[in-house]
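Remarks on the structure that follows.
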Amino acid sequence: MKNAINREIPNKIKYIGELEPFMGAWEKLKKGWMDEISVPPPNKAKLPHQKKICDTLKEAILKTNPQSGMTLTYHHHLRNGDDILVKAISILAELGIKDITLASSSLNESHDALLRYLEDGTITKIWSSGIRGELGKAISKGILKNPVVIHSHGGRVRAIHTGKIKPDLTIIPAASADEEGNATGAHGKSAFGSIGYARIDARYGKQVIVVTDNLVDYPCNPIGIRQDFVDYIVKVDSIGDPTKIASGTTRITKSPMDLRIAKLAADVIEHSGLFDEGFSFQVGAGGASLAVAKFIREKMKHKNIKGSFMLGGITSYCVEMLKEGLFKTLFDVQSFDAEVSYSLLNNKHHIEIPASLYANPFNCGCMTNKLDVVALGALEIDTDFNVNVITGSEGNIRGASGGHSDTASGAQLTVIVCPSFRGRIPIVTKKVHTVVTPGESVHVLVTERGICVNPKFPELEKRLNKAGIKTRKIEELEKEVDEIVGTAKPIKFTDKIVGLIEYRDGTIIDVIRQVAEC
Amino acid sequence: MELHRKAQAGTFESSDIMILIEPLKNKEGRKLEISSSVMLQYGDMLSELVNNILDKYEIENVHLIAKDKGALEPTIIARLETAITRALNQQKGTLL
């Protein structure tokens, strides 16, 4: 069947069941409720003063009585420095557990070593917001029988509430924890800041293990993960490589092109009609997207504007802006560098939020819904303004949906910042390989070769033109790029579906097909 | 034309191409080693372009290594022609 953006979607996938095609960015929300029933989280009991501490991760895993076919959920706050997930899976494999559904909030290069467990049938299904590194390549080549499901950060919470992801075992690495399981990412030698993505896992995990390399005297404060959800605690020597988890401060790009794009984007934001006292703002963690913050910061100082809040993945750059009083509050679901952990711990206006409050579409209002402006990157964007942030130029899974579609859907102004082409690969194209964020939720594209306003928003274009900002048709830009780079030989795909792209409301917006060998 | 010496042009930067070129003895033909970060999409076009430029300079016996990092066509042509003219000892202002 075809969905609302004309992508061919299968009716059914064996292990998931019937699929619902994408109907439009806000179609399912209009009703004001969700038809799917929320499954109850597990009830548990412990005796007073019962010990939860285990000597090893293996001992804790054995106590949870793991079974083949189980679902393991996990968080990715350790980013590229993660040492625990591979260890946990190898323990399960050693115990002869097969057919695991791995539902990590994201997967990256530190998980390359999981490849052999995909090959030998230990892991057979994957839910994640992103997959990078060797796993992404192997999955794109069809290593798994079942397609992986790519969800957004907000969509993941919904998928757990509705029982699409059923966490039998949840493992939560934490930078500090106490013997009852109160845990945080904000301090400890492996501090990673906010533990926001793991909060839903803690609530729904039938068995929850907290793993830490910094066991502190009771109570561990602040309480990111609560003891009343935690079954076992394990003290290990190290949860990962601190230099890869979070280090130093995030710097603004020096790339002249990224800076040029960011400056144009800041001009667009300034004249969008939203750049006013109390405005709210989100940027990505790198490249042109983060650089937009640099120019917005200057403009806010210049015009003496004070914003309300910054949201999302928080970098030290956001912390600087909080300190300068440019924004009242930081809402932090994920912290990108060491400076952020310090701020989260010490500044009461820097607030840790769970993924649900951040971006879950099915509640009484997530914070992305309150966003005025978001600046986001793209691997590809097409003439319908659909954005791909998951598959690379060779058709391989190599990115992350993350909060892209969540924030785009919520913000009053979604600005996509990207070069028009990158190393001869066109970014502005006729049709993106994979749609993650639908064009109807994208207002404007800013590239080094011009600014294109989505024709669905003529008022915005008029406003920008009136302020002296030139705009052009995206079709024209696409043609220009094509003439510069030369038409590429199309990548060949087979019919096999290796990935489903879930929109945040649970409908299927696109599929990823297997890359053909050549 | 006959090449006189080894030469190179370009860099390993993104959006550039590195060309290394050396003369081969008579009748050894063209030995081309072409690699690219966009081989799948533009590999064929790149090989064709290299051969066309070698044709233009009538160079038959050559060992050429091209390492492309997604250079655009004008860049590729410029780097190739520079390497060739250097190898032909024809480029003015080039320090030997």
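The values are calculated or read from the model by the stated rules, or taken from the named source; none is laboratory data. The structure displayed is predicted, hence computed values, not measured ones. Heads up, the Cβs are rebuilt from the backbone with ideal geometry, glycines too, and the neighbour counts pull from every protein chain shown. Ligands, DNA and RNA are excluded from the accessible area calculation, which covers all protein heavy atoms including side chains. Shrake-Rupley method; radii C 1.70, N 1.55, O 1.52, S 1.80 Å.
Here are a few things to note about the model shown:
- If the condition is being within 14 Å of chain A (Cβ to nearest Cβ), part of a loop (DSSP other than H, G, I, E, B), surrounded by 15 or more Cβ atoms within 10 Å (Cβ to Cβ) and under 15 Å from the mean Cα position of the chain (by Cα), then the range B:12-48 contributes only B:D16.
- For the range A:17-38, a tally of residues being part of a loop (DSSP other than H, G, I, E, B) and either open to solvent by 50 Å² or more (accessible area, probe 1.4 Å) or in contact with a Ser or Thr (Cβ under 7 Å, 6 or more places away or on another chain) (or both) returns 13.
- Subset of the range B:49-96 that is within 19 Å of A:D482 (Cα to Cα) and in a helix (DSSP H, G or I) - its residue that is nearest to the other protein chains (Cβ to nearest Cβ): B:E73
- Extreme residue, farthest from A:T73 (Cα to Cα), among residues of the range A:205-249 that are touching a Pro at 6+ places or on another chain (Cβ under 8 Å), in a loop (DSSP other than H, G, I, E, B) and open to solvent by less than 50 Å² (accessible area, probe 1.4 Å): A:I239
- Within the range A:166-180, one or more residues are under 30 Å from A:I37 (Cα atoms) and open to solvent by 10 Å² or more (accessible area, probe 1.4 Å).
- The set of residues in the range B:1-11 that are among the aliphatic types (A, V, I, L, M) and either within 20 Å of A:I425 (Cα to Cα) or surrounded by 21 or more Cβ atoms within 10 Å (Cβ to Cβ) (or both) comprises B:L3, B:A7, B:A9.
- Among residues of the range A:298-319, those that are touching a helix residue (DSSP H, G or I) at 6+ places or on another chain (Cβ under 6 Å) and within 17 Å of A:I252 (Cβ to Cβ), counted: 6
- Hey, A:F457 of a type in the set (F, W, Y), open to solvent by 30 Å² or more (accessible area, probe 1.4 Å) and more than 14 Å from every other protein chain (Cβ to nearest Cβ) or not: yes
- Within the range A:409-454, being of a type in the set (D, E) and either buried (at least 22 other Cβ atoms within 10 Å of the Cβ) or within 23 Å of the chain's Cα centre (by Cα) (or both) holds for one residue alone: A:E440.
- Screening A:G136, A:G154 for residues that are under 30 Å from A:A338 (Cβ atoms) and out of contact with any helix residue (DSSP H, G or I) (no Cβ under 9 Å at 6 or more places or on another chain) leaves exactly one candidate, A:G136.
- Check on A:D332, at pLDDT below 95 and open to solvent by less than 10 Å² (accessible area, probe 1.4 Å): no
- Within the range A:501-518, restricting attention to residues that are under 18 Å from B:L40 (Cβ atoms) and assigned to a strand (DSSP E or B), the residue that is nearest to the other protein chains (Cβ to nearest Cβ) is A:V515.
- Which numbered condition A:M310 fails, given (1) within 24 Å of A:T434 (Cα to Cα); (2) touching a Cys at 6+ places or on another chain (Cβ under 7 Å); (3) open to solvent by less than 10 Å² (accessible area, probe 1.4 Å): (1)
- A:A202 modelled with pLDDT of 95 or more, part of a loop (DSSP other than H, G, I, E, B) and open to solvent by less than 20 Å² (accessible area, probe 1.4 Å): no
- Residue match in the range A:310-317 (condition: modelled with pLDDT of 95 or more and touching a Lys or Arg at 6+ places or on another chain (Cβ under 7 Å)): no
- Checking each residue in the range A:273-307 for being surrounded by fewer than 22 Cβ atoms within 10 Å (Cβ to Cβ) and among the β-branched types (V, I, T) picks out only A:I305.
- Residue count for the range A:46-99 satisfying the condition of being within 27 Å of A:P354 (Cβ to Cβ), of a type in the set (G, A, S) and open to solvent by 10 Å² or more (accessible area, probe 1.4 Å): 0.
- Residue check for A:F421: on the phi > 0 side of the Ramachandran plot and modelled with pLDDT of 95 or more: no
- Pairs linking a residue in the range A:474-500 that is more than 9 Å from chain B (Cβ to nearest Cβ) and crowded, with 16+ Cβ neighbours inside 10 Å to a residue that is part of a helix (DSSP H, G or I) and basic (K, R), with Cβ atoms under 7 Å and 6 or more positions apart or on different chains, do not occur.
- The set of residues in the range A:398-417 being closer than 20 Å to A:G136 by Cβ and away from chain B (no Cβ under 14 Å) consists of A:G399, A:A400, A:S401, A:G402, A:G403, A:H404, A:S405.
- Which numbered condition A:T471 fails, given (1) in contact with a Leu (Cβ under 7 Å, 6 or more places away or on another chain); (2) within 14 Å of chain B (Cβ to nearest Cβ); (3) free of Cβ contacts under 8 Å to residues at least 60 places away in the same chain: (2)
- Contact map, the range A:419-430: residues that are more than 9 Å from every other protein chain (Cβ to nearest Cβ) paired with residues that are open to solvent by 10 Å² or more (accessible area, probe 1.4 Å) and part of a strand (DSSP E or B), Cβ distance under 9 Å, separation 6+ or inter-chain. Pairs shown: A:S420/A:P426; A:S420/A:G450; A:P426/A:E380; A:I427/A:E380; A:I427/A:F421; A:V428/A:E380; A:V428/A:F421; A:T429/A:E380.
- Condition check for A:T434 on (1) under 21 Å from A:N146 (Cβ atoms); (2) of a type in the set (S, T, N, Q); (3) within 14 Å of chain B (Cβ to nearest Cβ): one failure, at (3).
- Restricting the range B:28-78 to residues that are among the β-branched types (V, I, T) and touching a Ser or Thr at 6+ places or on another chain (Cβ under 9 Å) leaves a set whose member that is farthest from A:P426 (Cα to Cα) is B:I65.
- Filtering the range A:250-272 to residues that are outside any helix (DSSP H, G or I) and open to solvent by less than 70 Å² (accessible area, probe 1.4 Å) leaves A:T250, A:I252, A:T253, A:S255, A:H271, A:S272.
- The set of residues in the range A:161-194 being free of Cβ contacts under 8 Å to residues at least 60 places away in the same chain and among the hydrophobic types (A, V, I, L, M, F, W, C) consists of A:A177, A:A183.
- Residue check for A:R463: in contact (Cβ under 8 Å) with a residue 60 or more places away in the chain and surrounded by 24 or more Cβ atoms within 10 Å (Cβ to Cβ): no
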